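Engineer: Before we start, here is the structure in question, set down as structure tokens.
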Amino acid sequence: MDFLSVTGILLGVGAVLLGVVLDGGDISSLLNVPALVVVFGGTLGATLLQYPPVIVGRSIKMLAWVLVPKKTNLIALIDKVDYWSHLARKDGLLGFENQLLEEDDGFVKKGLQLLADGNNANVIREILELDMYAKENMDLQAAGLYEAMGGYAPTIGILGAVMGLIHVMQNLTNPELLGQGIATAFVATIYGVGAANLIFLPIANKLKAYAQELSQVREILAEGFIAIAGGENPRNIKLKLSGYLHDGYKDKD
């Protein structure tokens, strides 16, 4: 569980609601179904129009990362590559056949299969870099979907505000209907701006950061596979890959 995400959502929304209360307002005044339908329905519709189904599907799967991120222990990952490099020297490339059965990750299995098939370092680099680029591009596009929602929401909120004002102008002779129209106008703007800056844009940026982390994991693996195929010394391989570790990893298990 990513407690920073939970804290951020609660703090952001809570601060807005607390501000309303401290100003003497009523939180129930922010509950407006028509405005909710206009802003979130319109934003979702515009976003679905912009993106193809494959990106939409990927973005839905990635949304879970906001609360339960995909984390990889880089030290353990480098140790695994170090084990593979020693295995290659001990049993040869055919020793990777058994390793294939123990791995679930598609990128790892592809790299091990390329090694087991005896491909040279240049071939492995070309194939894995293409795979890395495709996966990272897909993840960044999926994260960009929420960024697009953050762009549409304020504009749709303004649209809702205009609709509310039109409703007000049409009912100037009916004072009992004026309040509802004015509420829809202002609340729609709050929904649009608030959803964009408190939800959609932060989600997009967090998912982009996680996508880049996953890309770095694949880069470490790719460099390891390439070094093993090139017959580099296991100690040198581990030293090279250790360059990916930042200060925050020095004290990790």
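The values are calculated or read from the model by the stated rules, or taken from the named source; none is laboratory data. Quantities reported herein were computed from a predicted structural model and do not represent experimental measurements. Note that each Cβ is placed from the backbone with ideal geometry, even for glycine, and that neighbours are counted across all protein chains shown.
Engineer: I'm trying to understand the selection: among the residues of segment 102-135, which are touching a Lys or Arg at 6+ places or on another chain (Cβ under 8 Å), at pLDDT 90 or above and of a type in the set (D, E, K, R)?
Structural biologist: Listed by number, the residues that qualify are 131, 135.
Engineer: So in segment 81-110, with the set limited to residues that are in contact with a helix residue (DSSP H, G or I) (Cβ under 7 Å, 6 or more places away or on another chain) and within 14 Å of residue 231 (Cβ to Cβ), which one is surrounded by the fewest Cβ atoms within 10 Å (Cβ to Cβ)?
Structural biologist: 89
Engineer: Looking at (1) under 24 Å from residue 156 (Cα atoms); (2) aliphatic (A, V, I, L, M); (3) under 21 Å from the mean Cα position of the chain (by Cα), find the lone condition where residue 38 falls short.
Structural biologist: Residue 38 satisfies all of (1) under 24 Å from residue 156 (Cα atoms); (2) aliphatic (A, V, I, L, M); (3) under 21 Å from the mean Cα position of the chain (by Cα) except (3).
Engineer: Could you say which residue among 69, 52 is at pLDDT 90 or above, in the same structural domain as residue 196 (by TED's automatic domain parsing) and not small (Gly, Ala, Ser)?
Structural biologist: 52
Engineer: Now for a separate question. Looking at segment 18-36, which of its residues are assigned to a helix (DSSP H, G or I) and loosely packed, with under 13 Cβ neighbours inside 10 Å?
Structural biologist: 18, 19, 21, 22, 27, 28, 29, 33
Engineer: When segment 32-46 is examined, which residues are found to be over 26 Å from residue 204 (Cβ atoms) and out of contact with any helix residue (DSSP H, G or I) (no Cβ under 6 Å at 6 or more places or on another chain)?
Structural biologist: Hit for segment 32-46 is 33, nothing else.
Engineer: For the structure I just gave you, tell me whether residue 49 is over 16 Å from residue 206 (Cα atoms) and either part of a helix (DSSP H, G or I) or of a type in the set (A, V, I, L, M, F, W, C) (or both).
Structural biologist: yes
Engineer: Return only the number of the condition from (1) under 16 Å from the mean Cα position of the chain (by Cα); (2) of a type outside the set (Ser, Thr, Tyr); (3) outside the structural domain of residue 201 (by TED's automatic domain parsing) that residue 62 does not satisfy.
Structural biologist: (3)
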